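A short worksheet on the structure shown next.
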Amino acid sequence: MTVQKGRVTLVGAGPGDPELLTMKAIKAITSAEVLVYDRLVSKPILEIAPDSATRISVGKAPGRHSVRQEEINGLLVHLAATGKHVVRLKGGDPFIFGRGCEEIETLVSHGIPYAVVPGITAAQGCAAAAGVPLTHRALARSVRYVTGHCRDDEPLELDWSGLADTGTTLVVYMGHATVRQFTANLVAHGRPADTPVLCISQGTTPSERRLYARLGSLPDELAKASLPAPVLYIVGAVVDVGRALAEAGGRRLETQVVSAG
Ligand SMILES: C[S@@+](CC[C@H](N)C(=O)[O-])C[C@H]1O[C@@H](n2cnc3c(N)ncnc32)[C@H](O)[C@@H]1O
């Protein structure tokens, strides 16, 4: 008797809107026997999987500890060893601030077949939803994605002088806890305090909210707005372009503009 070897498909679920899934992602999800998913994966996406698929949440929910990365790696190996098709669903793209590579390395070290399906990362999804061009021939010739996450009590170490370049659009993921640090550092390194910033909460979902602010006053504006997670920050002149387009009425208007910075 041959023992069927399982496999793992690492799937990027995009920023929330199920219509932003790729066809490959839909194909993988609909053929899943087990789904291992993060907190950022939206409910409508989980519903695409067959009823028969086992659903395992490994995301951090309020009041509950998240499952450690090593445990997730072990879980994927264990599930694949049962011969099942395991779909590992991650928000956005698995290789953008998603620790997807660590999971793949574990699978490779156990000889488990895997595939990776890219997803639309939050920067792309949120910018498009708000009409913000991340690059612009006259305003931004480069775009940089950075993480605002750092260990407790440790300073945020980033290339501040590079990020202060006014010709670069900056997208900050996981910036909630360090918003005072990153705004102060950018201004201290020469990014003007009146640089436009767009904060997008729960982008591309029906509860998306947007806060337009300026770099220097962002932390105070944000404290007043109390946007629910996840929140993405887009910094740069291109924000004003998106805002002008939105206000001109040429784009979707169903999302709420909560504050004018
Ligand atoms: C751990 S990172 C995961 C990023 C993901 N792999 C991606 O490619 O988008 C989580 C951060 O992504 C951002 N994010 C993800 N989805 C978002 C959404 N729908 N709206 C706003 N920000 C989002 C937030 O900054 C959040 O703190």
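The values are calculated or read from the model by the stated rules, or taken from the named source; none is laboratory data. Computed from a prediction, not measured in an experiment: that's the story for all the values here. Note that each Cβ is placed from the backbone with ideal geometry, even for glycine, and that neighbours are counted across all protein chains shown.
Name the residues in the stretch 66-100 that are surrounded by fewer than 18 Cβ atoms within 10 Å (Cβ to Cβ), within 16 Å of the ligand (Cβ to nearest atom) and either in the same structural domain as residue 203 (by TED's automatic domain parsing) or farther than 19 Å from residue 15 by Cα (or both), would you?
Residues satisfying the conditions are 66, 67, 68, 69.
On the basis of being within 16 Å of the ligand (Cβ to nearest atom), outside any helix (DSSP H, G or I), at pLDDT below 95 and of a type in the set (D, E, K, R), does residue 144 make the cut?
no
State the number of residues belonging to the stretch 1-58 that are hydrophobic (A, V, I, L, M, F, W, C) and within 16 Å of the ligand (Cβ to nearest atom).
Matching residues across the stretch 1-58 total 12.
Assess whether residue 208 counts as being under 15 Å from the mean Cα position of the chain (by Cα) and surrounded by 18 or more Cβ atoms within 10 Å (Cβ to Cβ).
It is true that residue 208 is under 15 Å from the mean Cα position of the chain (by Cα) and surrounded by 18 or more Cβ atoms within 10 Å (Cβ to Cβ).
Just to be sure I understand the filter: pairs with C-beta atoms under 7 Å, separated by 6 or more residues or on different chains, first member in the stretch 181-206 and assigned to a loop (DSSP other than H, G, I, E, B), second member of a type in the set (Phe, Trp, Tyr). Which pairs pass?
Once the first residue is assigned to a loop (DSSP other than H, G, I, E, B) and sits in the stretch 181-206, its partners that are of a type in the set (Phe, Trp, Tyr) give 189/160.
For residue 153, only one of the following conditions fails: (1) assigned by TED's automatic domain parsing to the domain that holds residue 181; (2) within 12 Å of the ligand (Cβ to nearest atom); (3) among the charged types (D, E, K, R). What is its number?
Here residue 153 meets the rest and fails (2).
Going by the conditions given, is residue 119 in contact with a Pro (Cβ under 6 Å, 6 or more places away or on another chain) and more than 24 Å from residue 179 (Cβ to Cβ)?
Here the answer is no, as residue 119 does not meet what is asked.
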